[in-house]
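*Asks:* Below: one structure in structure tokens.
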Amino acid sequence: MTTLEENMNEIQTYKNRKVIVGWSCESGMGVNSFLNAAAVESARRGVKTVLVELDLLHASTSISLGMSHHTRNLESWITKSKESGENRAIRDYLVNSKIWMQDMAATNPGLEAAVSELPQDLYLLAPSQFLDRFQAHAHSMTKDTPYFIIEQLVDLGFEAIYMDIPSEILMPVTGTSMKLATDLLVFVDGHVAHSIYTNQTIKRIIGDHRGLKVMLNRAGTLGPGIEKLLGQPIWKTIPDDPTLSEKSLDLVPGGSDKYNAVVNDFCDAMGYKKKKKQANEPAGSRKGFLKLFSKS
């Protein structure tokens, strides 16, 4: 039986795939918004991309991108795997815009325009909006779950693997996902308690992870103080962007030009070069939740 360390070394060297894991000490610190935007940008560049969300208690990826699917989702994969007594093939639970349009557009016409503009190179393995969050604990995963998922995604040819993991360190998938990451994005903000908790986690769990990258969100002027508290340099600073909430209602990943510039710089740093021309998205062409709920 292979050890976690052997699995980690295999993942980090196998075909030079990037496994980008995002974590923060509490939810609501910008991890999901940034990973969504970065994954979409990677896919627009022609990079075969998958965004995995392992946080069943605070799931938002499928809703934010409009691609909730009744059967192609994380909770269905967990349920079917338990019923069969072994992990099922991941490919049958992935969804992209083409699959969603074929299976879900007829019953969700208001989301069709928004989903159709997502790049087909973007796939999701995430909890759906149909998951009862009060029953989320029933869909338990083990510490080996991240390894199995990553291994299958690598075999399927994904070049960019993004993972949004639970903030709770005691969740089985959290620590394993951190160890398997080639690039571990740790998000912090200007809250002193968050910085102290993050510092404790870095010391006790993360250690000298070679791919650790600290992302400072919504607190650009506090960089020097945060660096002192963490004992780590800030790798990227994400600007405070009041447009994120409104754009999310319209199912638009990303934010202002300054926010999107950081996303683009990040994708450049990950080595995701543009393989094909990005599709232009005319302003106002999307029909997300903002337009669905608008009276005009």
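*Asks:* Residue check: is Ala105 at pLDDT 95 or above and closer than 12 Å to Leu74 by Cα?
*Replies:* no
*Asks:* If you check Lys236 against the conditions, is it buried (at least 16 other Cβ atoms within 10 Å of the Cβ), outside any loop (DSSP other than H, G, I, E, B) and of a type in the set (D, E, K, R)?
*Replies:* In short, yes.
*Asks:* Turning to a different aspect of this structure: Would you say Leu229 is without any contact (Cβ under 8 Å) to a residue 60 or more places away in the chain, more than 30 Å from Ser140 (Cβ to Cβ), part of a strand (DSSP E or B) and aliphatic (A, V, I, L, M)?
*Replies:* No, not satisfied.
*Asks:* Mind listing whichever residues of the stretch 16-48 are crowded, with 23+ Cβ neighbours inside 10 Å and acidic (Asp, Glu)?
*Replies:* The answer is Glu41, and nothing else.
*Asks:* Looking at Ser60, Ser76, Ser64, Ser116, which one is under 14 Å from the mean Cα position of the chain (by Cα) and either farther than 30 Å from Asn264 by Cβ or without any contact (Cβ under 8 Å) to a residue 40 or more places away in the chain (or both)?
*Replies:* Ser60
*Asks:* On to the next question. How many residues does the stretch 66-111 contain that are of a type outside the set (S, T, N, Q) and assigned to a loop (DSSP other than H, G, I, E, B)?
*Replies:* Selection size over the stretch 66-111: 11.
*Asks:* For the stretch 155-194, give me each residue that is touching a residue at least 12 places away in the same chain (Cβ under 8 Å), in a helix (DSSP H, G or I) and surrounded by fewer than 18 Cβ atoms within 10 Å (Cβ to Cβ).
*Replies:* Listed by number, the residues that qualify are Pro172, Val192.
*Asks:* Being in a loop (DSSP other than H, G, I, E, B), closer than 24 Å to Gly28 by Cβ and not hydrophobic (A, V, I, L, M, F, W, C) is the filter here; which residues of the stretch 46-63 pass it?
*Replies:* Asp55, His58, Ser60
*Asks:* Can you tell which of Ala37, Ala43 is farther than 19 Å from Leu156 by Cα, among the aliphatic types (A, V, I, L, M) and not in a loop (DSSP other than H, G, I, E, B)?
*Replies:* Step by step, each of Ala37, Ala43 is checked, and only Ala37 is farther than 19 Å from Leu156 by Cα, among the aliphatic types (A, V, I, L, M) and not in a loop (DSSP other than H, G, I, E, B).
The values are calculated or read from the model by the stated rules, or taken from the named source; none is laboratory data. These figures come from a predicted structure and were not determined experimentally. Neighbour counts are summed over all protein chains in view; Cβ atoms, including those assigned to glycine, are modelled from backbone coordinates with ideal geometry.
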